Each structure stands twice: as C-alpha cells, then as structure tokens.
Amino acid sequence: MSILQQEFVQALAFVGALTGSDPNTAIIDVRLIHDTNKETPAIPRRGRLCDLWKEIIAWQTLGYGCFININEMNGNGRYEIANVKTIRCQAIDLDGVCAIDDYQRACAFNPPPSFAVQSSPNRFHVYWTTQHHNDHDKFTLLQRKLRTLFNGDRTIIDSSRVLRVPGTLHLKRPQEPHLITCWSLGGYGQYVDPFMLEIALAGVDVTNTSGGRHPLGDPSLTGPGPDWCEQALLDCDPNNLDRHEWIAITAAWKQAAWLHYKGDDGRMLGRWLRWCEQYEHNNVAENLKQWGSIRETELGWNSLLNKIPSLNGRFRLGELKRKSNPLPTPHEQQQPMPVPTGELLTDSEQREWFKGCHFVTNRGEILTPDGFMNTTQFNGAFGGKKFVIDALGKTTDEPWKAATRSTLWTVPKVNHTRFLPGKPFGEIIVDQLGRKGVNTYRPAIIDARPGDITPFINHFCEMMPDERDRNIILDYLAHNIQRPGYKIPWAPLIQSAEGVGKNLFKLIMQRGLGENYVHEPKTKELLESGVKFNGWMREKLFIIADEIKSDDKRDLIETLKPIISEARIEVQSKGVDQVLEDNAANWLFFSNHKDAIPIDKNGRRYAVFYSAIQSHDDLSRRNMDDRYFRWLYDWLRSDGAAHVVHWLQQRAVGAIPMRAPDTTSKAEAIQEGHTVLETIILQMVRDELDGCRQGWISAAAVKAHWPKDRKAPLERDIEKAIRNLGYHYRVDADGKPIRKQYVHVRGYLFSLDRLADVERYVSDQGKPLSDGTIVAPTQPMPGRPNVIALRSLPNG
C-alpha cells in the first residue's frame, strides 16, 4: 500500500488563489498545531511557501497539522486582529451533518465563491476572495451572516483566523491521514466588493447567534459617537418591536454606547429606561431584569444599523457630513473624525474637537496628532470656537483652558511620552509605578512599489562580492523595514574607499522608515560630545554614522555598545536633565578606515565588512565614475528606492542573530583594530628589541622601551594589551605568573607558546648590555622618530 504524501503543487495553487499574487514570492503566515495533542504549543512560521515547505513536512511527520492565516498579517508577532494587515477574503467552515448540502448551496450563491478546500472527508472550506480592505467590523458581520446562511462553524468570525493548508495532511486520525485538496469555483479570479456581499446577505438575521460574545466596551462593536447612539433610540419606536427584537436592540445599544458613557451604567440605564417608557405596556421590573442580564454580546453598532432602517439610511446616505468612523480596534491606527459644527462646543463635542490630544506634564505641552504644541500654538491651531467648561454654562474661547482646566472634561493627562512602534499612536502605557506615558510613534507613509531593482543589486555585489556578507547586511536592512523598532543588539560597519555610494543605503532607509525616523549625526558632534548630549537620538528608528575613525576614542566605541543594544537608555539634551527613554534605533556605521572600530575575536556588538572597493582605481576598473553615480542616484530618487523598499518588505528574513555574526573581514578587522598601545608593542616585536624577541614579550621590557614623549602606560594596561595580541602568561609549577628581571625592573613574561620553557627566555633575547643601555629601534614607531628610550635605569 502506498504511503500518502503531501502535494506541494496543491499548496502552491492555494497560496496563489488566496493571496492573488505570485505564490513563489508571496509571504504567508502559518501555524503548525498538533492534531491530537492540543496541550502542545503551536509553532508559528512566516515566509515564502517554498522556503517553509521542508519544515512543514518535517513537523507533519511529528503529528502537526498545517494552518494558514486566511488574511494578510503584518509580521509583528501574535496572530491576533491587531496584527491583521489586510483583509482579503471571507471563508466558511462547513463541518455539520449537512455539510455536502450546505456546500452545494454555497456554490450556487451569488456572488459565487472563488474556491473550495476539502479539509477532511465531507468537510469543506469555501472562500470568497474580496477586494482588499481593513474594516474588521464588516468582516465579522459578513462572517456571521455567511455562517448563519450556510450552517458554518460559529467560531470562524475574526479576521486573524487560521484554516488548513491544501497539499498538507489532516492528521487527527494518524492511522488514516487525509490529503487536503482544493479546487476553483465559479468566482475564481474575481475579487468581490464586500459591499456587494453585504447587499446579498442583507436578509440574513444574526441576532440569534450566540457564539463569539464580546464583553461590553469592545471597540469593534462601539458606535461612532454618542450622538449616533442617541439617534438610534430616537429612530426606533419600541412599540414596533416584538420581544426578541426588543432584547436584540437593547443588547446592541448597550454594547454600542458603553464606551461613550465610559461604562457609567447608571446614566446609560436612565436613558434606556426613558426610551422604554414609550412602550404601551412598559414593565419597569422586566426592563431592569433584562438590562442587568446583558454583560457581554456579539451585537453592536452594525446590528443597530441592520435593525433600524431609518438610522441606516441617515447614517449611510442622509447625513454624510455627520458620519463618524467606528472606534478602532486595539493596535489599529485611528482614523480622523469629522469636526463638530457650530460656534459653541459642549463637553461631548470637545471630546471630538480635541480627539487625539494628551497633556504631557513633564513637558508642559499638549501632544496633538500634529505634534507637540505650547499654549500659543495650541490656541492658534484649535481656536475659533467657544467651549463650555462648567455645569453652569461658563464658556471660554481659549482651547488650552478648555482642554486642561474644564470641570466637565479635559484631555487625557500623562506624565511622560513613550516611543513604541509596536503600539498605535496615542496609546497610554502605565509603568510599574503607575505613571502614564503616551505613545508618540506614528507610522510613516511609505512609498513601496514592485519593480526592477537590478541597479541596486549589481552595485551592492560590486561592493560586497561575498554572498554571505551581502545576505547579512540585506537581512539587517529588511528586518528594520519590516519590524521598525525591533531592537537588534549589534550593528554593521561597512568600510570602503571614498565615493563608493554610501548614500544609497541612507536614501533607502529614509524611504523605508520615513525621513523623520532616520538620523545621521555629524561625525564631529559624535566624537567630541560622545553620547553625553544625545537628545538627537530621541524618537529615531535608524541611525547612520559616517566617517567613523576611533583613533584615541576607543572609549567612545565602548560607550556606544549599550546604546546599540539596550531598549531603554538615558537621554539628555544640553541644558536639560537626563531622562530614561525608549531606544528603538538600530545603527549602521560607515568608514574609509579599516581600523575604524577596534574589535576582538569575542566581540558581539559590531559586524565589520570590508568592501572590495578600496581605492579610486577600484572604482575606475568598475566604470564607477561621476556619470555612473548620477545615473544610479537619479534612478534611486525616481522609482528605484520604492522598488528596493518593496523588495526588502517582502524579503523572507529568519530570526535575526543576537550577536554580531562572523564576516569574511573579521580576522583582518581584529588586526587593524589594535590600540595605540598594542601597535607600539607590535613595533617593538618587529624591531626585535631586547625582551621582545623569539615569541617572548616582557612587560618590563615594554615599559623600559616606552617612548619618552608619550605618557607611560600602567602595568595592567601593558599586560592587557599583550594578552590582546595573543600572548599567554607563563606560570611556574605552582600556577603562579613568572616574573623575570629586566636589568633592574621586574615584570611578567608572556609567550606565544603556551608551553614555552622559561629558561629559554634569556638565551632567546641574547646577551643584554651590562650598563642597561637600550639600543634605539632600527625602524621608527608609527608616526614617530627613532627614540632612545633609556640610557640608565633607576635602581629598584
């Protein structure tokens, strides 16, 4: 009997039909879930199907089923509604006793479904591919109606849902695996307008469905504003409702209005009871009983629109100027609300007028959707109205006073700001001390379009011929663009000749993250002030440091290490106290010097890449003249950057390493990155000075030979430098370091050979001069004339 196997072709066809794009390059999100042991954690994976397929098969051999997010995710973490990037389909799971009949009815529906999947014998998934949108509330409503009409699984209602992947095996019965298959239906290749589906399903009543209940205050079910919730009661006469409809309207209104009443059950109840009083046979006791029983419901604003035709018409057609957008679901960017009309604004209208504003106490300013504003700026931007600021009707024409000092309502007040790209603008975060911070990050509008990126790839290949080196850098750039704000605890340094096209990377990252979030500090500023006054790092996603050359600034490189790796750092501007702030920025360094950043073999903060282009001749051999670079940057600034950004957005990037990866340049970089002290010691070895011959170095000899015009180093620094050069302490039989006299100075001995015989040290050095004279080096120190270090050494 043949063994049932997976079919890649089925999976590839399914991905193409679902995404509407090339299945070979489409990025998908899958979850591998054990089919028989639900206690086993699920395994998430993201990437191209061709890259994931071997791993999928491997997990299937261990009993895992393969599921896909039916809608496009943003790759920012958990599979939840907050991370759904685009809604691209509606789907039902037909698994009841009449699944075959339900499937046939679905196939005959108009608009017709696009394709079907047989998940197991006599069980089907039916898909309608739709025009892309981001209306999660509409998606949920259509799902509920489709599942009601075709008796589908009641749990398939949220846009982050996963369903099985065709071409893989269904393994709930491991002894009887089932190959999941798919095929096209009448609507294949068409993309249905969700509004047309809404029209086709207008007659489907979902008020009796009980699955997927939400607690009161769910933003996805909330009405667009308190005025619209009030209008719903005005447009609905309880005398025209039967009991079931009355209960449904009550549940929908309580859910839709909850957030606008700030959960004030008493105020809501009072308004609802006044509505109930219109009923001819009103029963207050029954009213109170029913009201108290509603603690969660899946009904909300859309249910009111469906149940109250006059409200629906008023909302969608009759009063467009008053139309408000639904409150956003968590982690969804808020959309602009319409401005209130009229000269006088009540406290309810002020909530809308000042929407998105927060008073930040540690700055004494108001954060608005357009940035921070002081009193004058805020009054100018939000003025032109009169604002009611107390219960007696007192008014003011000063927006600042209304927003911060009204007794009826003020804008939210927070202690400080946060910069968290993974959260929506304006979200309030409470720290462990109970202090509130408001998120100031607002995603940039990115121009990313598919297109030819050959000029960029060809240029980069000339800079970095090694494929592994290129992939490390490209993965680093792609990770930053795909996951802005994700902290990578290391940074690349690209070294090359001048004029090799480093601005290419700067332009790409500015286009991929937003110009305001990419910063290039001046080299002089960075070297002179170090990171003491680092206010320029505030609210940045990417920092490019050019012309880095450490010289005697090794301390600067050490100081940068925590800034590169830590998610929270002290930030200080001149004349302002230090404050602990979010550090979302990742770094990219450029230099023309190979010894720009000293590293050692255990370094984990810097990945050094030496370009193949090291001179003007190298540029000339590659025909990289002024004409070439004008052409390259013209291409980049027109459409090229948008094409490269799109390519980086779609690039499959695995887990980014947590320490700087090894590169082809690392060994050379270690040699080039020696300190001044290490360089002078190496020169002593090259000159075969007494005490520095035949693989030996005496710490005393280094001190004795040290140039007079340089400050003498400490003994511990000498010994550390010798160890950094690869020399080893020589110890005696008791494991103690061996000290050997150098004329009248005693110092530790080091050897390149871990097992070197100490007795050979004197013979290897040759006979020392009896008066302690040190012969001048035959070659000068780097940048120094020949130096006679000592004529006679002091006693002792």
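The values are calculated or read from the model by the stated rules, or taken from the named source; none is laboratory data. From a predicted model like this one, the values you see are computed outputs, not experimental measurements. Backbone-built Cβ (ideal geometry, glycine too); neighbour counts: all protein chains shown.
The residue of segment 263-282 that is modelled with the lowest pLDDT, among those that are surrounded by 11 or more Cβ atoms within 10 Å (Cβ to Cβ) and either in contact with an Asp or Glu (Cβ under 8 Å, 6 or more places away or on another chain) or of a type in the set (Lys, Arg) (or both), is 267. Within segment 492-512, residues that are under 26 Å from residue 445 (Cβ atoms) sit with their Cβ atoms under 6 Å from residues that are of a type in the set (Phe, Trp, Tyr), at 6+ positions apart or across chains, in these pairs: 502/590; 509/542.
Just for helices (runs of 4 or more DSSP H) wholly inside segment 686-796: which have at least 1 residues that are within 28 Å of residue 673 (Cα to Cα), modelled with pLDDT of 80 or more and acidic (Asp, Glu)? I'd like the intermediate steps shown before the answer.
Working: elements: 699-705, 715-724, 760-765.
In segment 686-796, 715-724 are the helices (runs of 4 or more DSSP H) which contain 1 or more residues that are within 28 Å of residue 673 (Cα to Cα), modelled with pLDDT of 80 or more and acidic (Asp, Glu).
For residue 597, only one of the following conditions fails: (1) more than 21 Å from the chain's Cα centre (by Cα); (2) modelled with pLDDT of 85 or more. What is its number? Every listed condition holds for residue 597 apart from (2).
Evaluation of residue 168 against the conditions (1) more than 30 Å from residue 59 (Cβ to Cβ); (2) of a type in the set (Val, Ile, Thr); (3) surrounded by 15 or more Cβ atoms within 10 Å (Cβ to Cβ) shows that the sole unmet condition is (1). If you filter segment 117-155 down to residues that are among the aromatic types (Phe, Trp, Tyr) and not in a helix (DSSP H, G or I), you find that the one that is farthest from residue 221 (Cα to Cα) is 124. Evaluated against (1) part of a loop (DSSP other than H, G, I, E, B); (2) hydroxyl-bearing (Ser, Thr, Tyr); (3) more than 25 Å from residue 59 (Cβ to Cβ), residue 160 falls short on exactly one condition, (3). For segment 470-506, the set of residues classified as in a helix (DSSP H, G or I) and modelled with pLDDT under 90 consists of 503 only.
On the basis of being of a type in the set (D, E, K, R), at pLDDT below 95 and within 21 Å of residue 13 (Cα to Cα), does residue 154 make the cut? Spelling it out, it is not the case that residue 154 is of a type in the set (D, E, K, R), at pLDDT below 95 and within 21 Å of residue 13 (Cα to Cα). Within the bounds of segment 102-116, is there any residue that is in contact with a Phe, Trp or Tyr (Cβ under 6 Å, 6 or more places away or on another chain), part of a strand (DSSP E or B) and surrounded by 15 or more Cβ atoms within 10 Å (Cβ to Cβ)? Yes, some residue in segment 102-116 is in contact with a Phe, Trp or Tyr (Cβ under 6 Å, 6 or more places away or on another chain), part of a strand (DSSP E or B) and surrounded by 15 or more Cβ atoms within 10 Å (Cβ to Cβ). For segment 626-646, the criterion of being farther than 30 Å from residue 450 by Cβ, of a type outside the set (S, T, N, Q) and in contact with a helix residue (DSSP H, G or I) (Cβ under 8 Å, 6 or more places away or on another chain) is met by none of the residues. Is it the case that some residue within segment 589-610 is closer than 27 Å to residue 46 by Cα and touching a Gly at 6+ places or on another chain (Cβ under 8 Å)? Scanning segment 589-610 turns up no residue that is closer than 27 Å to residue 46 by Cα and touching a Gly at 6+ places or on another chain (Cβ under 8 Å). If the condition is being within 20 Å of the chain's Cα centre (by Cα) and in a strand (DSSP E or B), then segment 44-77 contributes 44, 45, 46, 47, 48, 69, 72, 73. Filter segment 445-474 for residues that are among the acidic types (Asp, Glu), surrounded by fewer than 20 Cβ atoms within 10 Å (Cβ to Cβ) and under 24 Å from the mean Cα position of the chain (by Cα) and give the result. Correct list: 447 only. The residues of segment 109-129 that are more than 17 Å from residue 157 (Cα to Cα) and in contact with a strand residue (DSSP E or B) (Cβ under 6 Å, 6 or more places away or on another chain), listed by number, are 111, 113, 114, 115, 116, 117, 118, 119, 120. Listed by first and then second residue, the pairs with beta-carbon distance under 7 Å, at least 6 apart or on different chains, first residue in segment 638-657 and under 19 Å from residue 488 (Cα atoms), second among the aliphatic types (A, V, I, L, M) and in a loop (DSSP other than H, G, I, E, B), are 649/448; 656/488.
For segment 401-448, give me each residue that is in a strand (DSSP E or B) and more than 18 Å from residue 353 (Cα to Cα).
If we filter segment 401-448 for residues that are in a strand (DSSP E or B), which is where we start, we get 413-414, 416-418, 428-430, 436-439.
Scanning segment 401-448 gives 414, 416, 417, 418, 428, 429, 430, 436, 437, 438, 439.
Cβ-Cβ contacts under 6 Å between residues 6 or more apart (or on different chains), taken from a first residue in segment 150-175 that is on the phi > 0 side of the Ramachandran plot to a second residue that is among the small types (Gly, Ala, Ser) and outside any loop (DSSP other than H, G, I, E, B), are listed as 167/11. Of all residues in segment 364-400, those satisfying the criterion of being part of a helix (DSSP H, G or I), among the polar types (S, T, N, Q) and touching an Asp or Glu at 6+ places or on another chain (Cβ under 9 Å) are 375, 377, 379. Inside segment 78-116, residues that are basic (Lys, Arg) and more than 23 Å from residue 134 (Cβ to Cβ) make up a count of 1. Count of segment 45-98 residues, restricted to those that are under 18 Å from residue 138 (Cβ atoms), buried (at least 19 other Cβ atoms within 10 Å of the Cβ) and among the hydroxyl-bearing types (Ser, Thr, Tyr), is 0.
When 503, 480 are screened for being buried (at least 20 other Cβ atoms within 10 Å of the Cβ) and under 30 Å from residue 538 (Cβ atoms), only 480 passes. Look at (1) within 30 Å of residue 218 (Cα to Cα); (2) without any contact (Cβ under 8 Å) to a residue 60 or more places away in the chain; (3) not aliphatic (A, V, I, L, M); (4) not in a strand (DSSP E or B) and you find that residue 22 fails only one, number (1). Only one of the numbered conditions (1) in contact with a helix residue (DSSP H, G or I) (Cβ under 9 Å, 6 or more places away or on another chain); (2) modelled with pLDDT of 80 or more is violated by residue 303, and that is (2).
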